[in-house]
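The values are calculated or read from the model by the stated rules, or taken from the named source; none is laboratory data. Treat the numbers as computed from the prediction; the structure is a model and nothing was measured. Ideal geometry is used to build each Cβ from the backbone, glycine not excepted, and the neighbour counts take in all protein chains shown.
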Amino acid sequence: MQLSSTLLENAVNEFSKLPGIGKKTALRLVLHLLKQDTEKVSAFGEAIIKMRTNIKFCTRCHNVSDNDICLLCSNPMRKQNIICVVESIKDVIALENTQQFNGTYHVLGGIISPLDGIGPDQLNIESLANRVQKEGTEEIVFALNPTIQGDTTIYYIQKKLQPLGVKITTIARGVAFGGELEYADELTLGRSLQNRMPIENYVANR
């Protein structure tokens with residue numbers, strides 16, 4: 001794409017590095033910003049810089065946070081003795097949009113995938129076990145993508161937590177095998193949460 005301004009071209013190139021943004025879409029975004037007041041563009045840029053510079057990860061659940069403990073973990077209205085285990089921050093957002101879960105979360109930061117070189121030690125599994133042990137957790141709800149890697153991760157964590165005697169469930173099979181939670185509609189996700197099943201039933205049906 002040949003443009004008359006190097007500054008414009010550089011901005012387009014940076015926007016096009018974002019996932020799902022091609023050169024044409026990047027150009028439209030940059031031209032839109034070019035029409036805005038300098039103050040609005042400055043506020044936009046400052047918000048992005050502050051987000052990247054100041055954002056933290058909750059020391060309890062590993063979700064994104066402005067402070068050491070995130071708003072979900074610190075909310076006294078949520079059931080602190082129920083933990084929903086998810087793969088990523090995107091899954092927390094997807095499940096929160098259903099408004100069907102009022103417990104806390106634990107973000108693993110991935111799933112076990114030997115082919116990709118990801119083992120249990122690279123995930124937030126040990127901190128989950130520590131939470132269950134220290135906090136007297138009553139139920140663990142697995143909400144991982146229904147894939148072979150997701151099932152492997154569930155099996156590993158289940159075995160690790162078994163001696164602690166915590167109730168372990170998983171969301172119902174409303175999400176198709178091989179699907180991803182972030183792309184499932186809110187109604188399907190909500191029903192999967194409401195109709196969660198004991199982990200033994202889930203394993204038996206696989």
- Scanning segment 58-80 residue by residue, those in contact with a helix residue (DSSP H, G or I) (Cβ under 9 Å, 6 or more places away or on another chain) and surrounded by 14 or more Cβ atoms within 10 Å (Cβ to Cβ) turn out to be Arg60, Cys61, His62, Asn63, Val64, Leu72, Gln80
- Message: Within segment 57-97, take every residue that is of a type in the set (Lys, Arg) and at pLDDT 95 or above and give me the one that is nearest to the chain's Cα centre (by Cα).
- Response: Arg60
- Taking the condition touching a residue at least 40 places away in the same chain (Cβ under 8 Å), touching an Asp or Glu at 6+ places or on another chain (Cβ under 9 Å), crowded, with 20+ Cβ neighbours inside 10 Å and among the small types (Gly, Ala, Ser), does Gly150 pass? yes
- Under the condition of being within 16 Å of Thr170 (Cα to Cα) and β-branched (Val, Ile, Thr), which residue from segment 99-125 is surrounded by the fewest Cβ atoms within 10 Å (Cβ to Cβ)? Ile111
- Considering (1) at pLDDT below 95; (2) surrounded by fewer than 17 Cβ atoms within 10 Å (Cβ to Cβ), say which one Asn130 fails and leave the rest. (1)
